[in-house]
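**Student:** To start, I am sharing the structure in question, which I have written as structure tokens.
The values are calculated or read from the model by the stated rules, or taken from the named source; none is laboratory data. Source: prediction; values computed, not measured. Glycine also receives a Cβ, built like all others from the backbone with ideal geometry; neighbour counts cover every protein chain displayed. Note: accessible area is taken over every heavy atom of the protein model, side chains too, but ligands, DNA and RNA are not part of it. Shrake-Rupley method; radii C 1.70, N 1.55, O 1.52, S 1.80 Å.
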Amino acid sequence: MAGRSVRVTLWDRIAASDPGLLRLTAGLRTVSAVALTLAVLALLRVGVPYLVAGAMSAMVATFAIREKERARQAVTLALGLPVALASVSLGALLNSRLVAGDLFFIALIFCAVYSRRFGDRGTALGLIGFQVYFLSLFVGATVPALPGLYGAITLAFVCSAVVRFALVPETPSGVLDRLRRAFRARLAQLLAAQVALLDADPEDMEKALDEVRHRTAALHETAMMIQGRLERGTSDETVARLVQRRIADAEIAAERLGLLLLTARSAERADSLTLHLPGAPVPSGGPLPEGDETTATLRRDLEALRLLVLRPVGQETGTALSHVRNRLLGYRDEDNLPPAPSAVQDVFRGIGEAARAVLGLRIALEGPQDDSDDTPATTRSREELDAEDAAIGGSEEAAREEGERTGLERPTTRAAVQVAVGSALAIVGGELLSGQRWYWAVLTCWIVFINTASTGEILVKGYRRLLGTVLGVVGLGLAGLVGHHTWTAFALVLVCIFAMFYTAPLSHTLMSFFVTAMLGLLYTLLNRYSPAVLVLRIEETALGAVCGIVAAALVLPVNTDRRTNELLGTVLARLADVTDAAVDQLSGGPAADLLDKARDLDQALADLHDSTQPLTHPIMPLRARRDTARYVVATLETCAYHARSLAATAELLPEHPSIAADPRLRRAGRRIVGNIEAIAAHVTDERSTTPILTGPSIASMLKPGTLGAPRYDRVTDRVLRHLQRLDEAVAGLARPLHVPVGAPQR
């Protein structure tokens, strides 16, 4: 039993560090395809150049396919083989024709990038065409060698298919199941960080708070990954919407619990911005009293909540877990709260709401559970969840359409022109450095344009590529050690390939390190290894990065500020959309598809976060600008949290017995949405003079006691708090974005 517990704990940690095991699966699948290809080619006793060609082809055929449906993957893989054979043929034919070969390579690069506009299949075929042409240059393909290369490449594609569909299969439902487990593991890690925050001494408070921030962001990342795979990974739309709702509930409840803990440790109510802004001031206050019975109970129940998250239904034995669940859900009843200051009681209420969210998540993921030991509080929670499930099952999905740019304004067309110009510069400069290794500069220029959309992003990626290459050259002592031990070198190549794909989503620098180490080993196998080649590799990489940056800056440039402003406008528009729809529904308006609106907001915010990386990178010399970018993104994350919470509460109407619509909320909503639109107008046009409006707090605008006003309860109070915090956060965007502030409203 102890051994099984250790295995479960280890597996949960792996699941949390690699959600869905996507990086592990990508590494294993690629390594397996390359290893199988090498094994078959070795049995055929082919030469080392064909072994290298087969290994690189298997790697390309595996990582280029990114579609989620297995049938589409098979079609794309089948189409990729003739593309690869044509590409290696042209490479062999044009290898000795300098001008014609260079012109064709530039045209091929343009087409490969332009094909991204046709979705995952176009991206894959373009990538295969480019990489196999590069392969022909790397191995020095000639026309007499083409039959052997055809055989090696065909075998590589077959082995890639065998691994993809038989040895290391990946199905949408399987990935989603692993992502769900990762969500639970990361939720448990966040709760553990919150326990550490509860116990932290004042001098350790900042470190504990940073860990809570990190775990909160990781939980949100996993929730986003789940939302992106629900439609393909679940049996029907109703199940997908139910899981989406329960994931959102658990995420919101966990983040709210962190805020309540901060407030309990502070002299005043904590601001949710503190959980999103790195380096934000630590709230004043000290640890809760040691030895105090209430503090001990709080710590015990946070640990119990973490256990409830981690323990699958199949491991429940006896009544112990049911007793824990009932106790935690009991905190939703005011009579069960321990005597304590109001802020500490709020934490217990937060534990009760988090336990309810975990119960809903367990039911959604694992089905109905034993309710024989339920207390009245637990029964009430189950009834509320059942009512919500019925409401979710009856909802309809709204259709969304987005316009597409045309001509040179289309991102794929612009990128294709830019990378073609940059590659032309890299070819000229690369051939001046070396008539045989010039293609390294072209490869670097190509890579810095992949998944980038602005000059700043290309600059940062080029810097990381060069840094990783330099470090990789330092680590190439391995290549000198293995000498001509062919299979030892290939074994190290497999290690580097796995490390490349496992680290790629984490760090481009690390990935570049392993790429360079792998190439050094391949050069050893081809008898081309020398210190001069390694120095040339650095020079060509630097040249390629510079050519890419020059092309991005001079040819149809997309200024980083322009890119971030476009995405900022999108975030503000979707924030206004979610807020308006949620407040309207809370005011008694018709039901809207709030879950999808909130998901669109989260996706837009993730895009904005990625686009601001050049502004927030440590090499950014303008510190004030870097701090402003961080503050704006953190404030928008705060706004998104409150908007998600409002949307989640609004979706409970009218099934939830403790929530009543309040028409007076429309007044507060109009001011908030109007301010968001004023900020968006200023972002779009700096000449806009529309000010944001300030005035009395939301709570004072909705003061209870008027005729027909709904009673105040905990849910109503929570809605008001979210509205108030959202109003304050939106107003907080005015200063860094230089939006005028109007006179306070009476």
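**Student:** Please list V533, V448, V46 from largest to smallest accessible area, probe radius 1.4 Å, with all protein chains kept in place.
**Tutor:** V46, V533, V448
**Student:** Please compute the length gained on full extension between T488 and L307, using 0.36 nm multiplied by the number of residues separating them and subtracting their Cα-Cα distance.
**Tutor:** 60.6 nm
**Student:** Treat every Asp and Glu Cβ in the stretch 1-132 as -1 and every Lys and Arg Cβ as +1, leave all other atoms uncharged, and give the resulting dipole magnitude about the Cα centre to the nearest 20 debye.
**Tutor:** On the way: 14 positive and 6 negative charges, 63 e Å.
So the dipole magnitude of the stretch 1-132 works out to roughly 300 debye.
**Student:** Now for a different question. Restricting to Cα pairs below 8 Å that are 6+ residues apart, what does the relative contact order work out to for the stretch 426-546? Please round to a whole percent.
**Tutor:** On the way: 154 pairs, mean separation 46.7, N = 121.
Across the stretch 426-546, relative contact order equals 39 percent.
**Student:** Could you give each residue of the stretch 597-602 its phi-based ³J(HN,Hα) in whole Hz, using Karplus coefficients 6.51, -1.76, 1.60 with θ = phi - 60°, and x for Gly or Pro?
**Tutor:** Each residue of the stretch 597-602 in turn: 4, 5, 5, 4, 4, 4 Hz.
**Student:** Return one whole number: the accessible area per residue of the stretch 556-644 in Å², for a 1.4 Å probe.
**Tutor:** 37 Å²
**Student:** With r as the distance between the Cβ atoms of T684 and R300 and R0 = 56 Å, compute the FRET efficiency 1/(1 + (r/R0)^6) and round to 0.05.
**Tutor:** 0.60
**Student:** Okay, next question. Each label point is 7 Å from the Cα along the Cα-to-Cβ direction; what then is the distance between the points at E366 and R664, in nm?
**Tutor:** With each label placed 7 Å out from Cα toward Cβ, I get 4.4 nm.
**Student:** Ok, one more. Rounded to the nearest 0.05, what FRET efficiency do V555 and L432 give with R0 = 25 Å and r taken as the Cβ-Cβ distance? Could you check?
**Tutor:** Efficiency computed from Cβ-Cβ geometry: 0.75.
**Student:** Expected output is a single nm value to one decimal: the length gained when fully extending between I538 and A107, i.e. 0.36 nm times separation in residues minus the C-alpha distance. What is it?
**Tutor:** Full extension from I538 to A107 adds 152.6 nm.
**Student:** Looking at the square roots a ≥ b ≥ c of the eigenvalues of the Cα gyration tensor of the stretch 53-185, which shape do they give, rounded for a/c under 1.5, prolate if a/b is larger than b/c, or oblate?
**Tutor:** Prolate shape, in that a/c is at least 1.5 and a/b is the bigger ratio.
**Student:** Continuing with this model, one more query. Describe numerically, in nm with one decimal, the distance between label points set 7 Å from Cα along Cα→Cβ at A606 and at L337.
**Tutor:** Distance between the two pseudo-spin positions: 3.6 nm.
**Student:** Using 7 Å Cα-to-Cβ label points, what is the A591/E231 separation (nm, one decimal)?
**Tutor:** 2.0 nm
**Student:** Post the alpha-carbon centroid distance, the stretch 545-568 to the stretch 407-467, in whole angstrom.
**Tutor:** Cα centres, the stretch 545-568 to the stretch 407-467: 13 Å.
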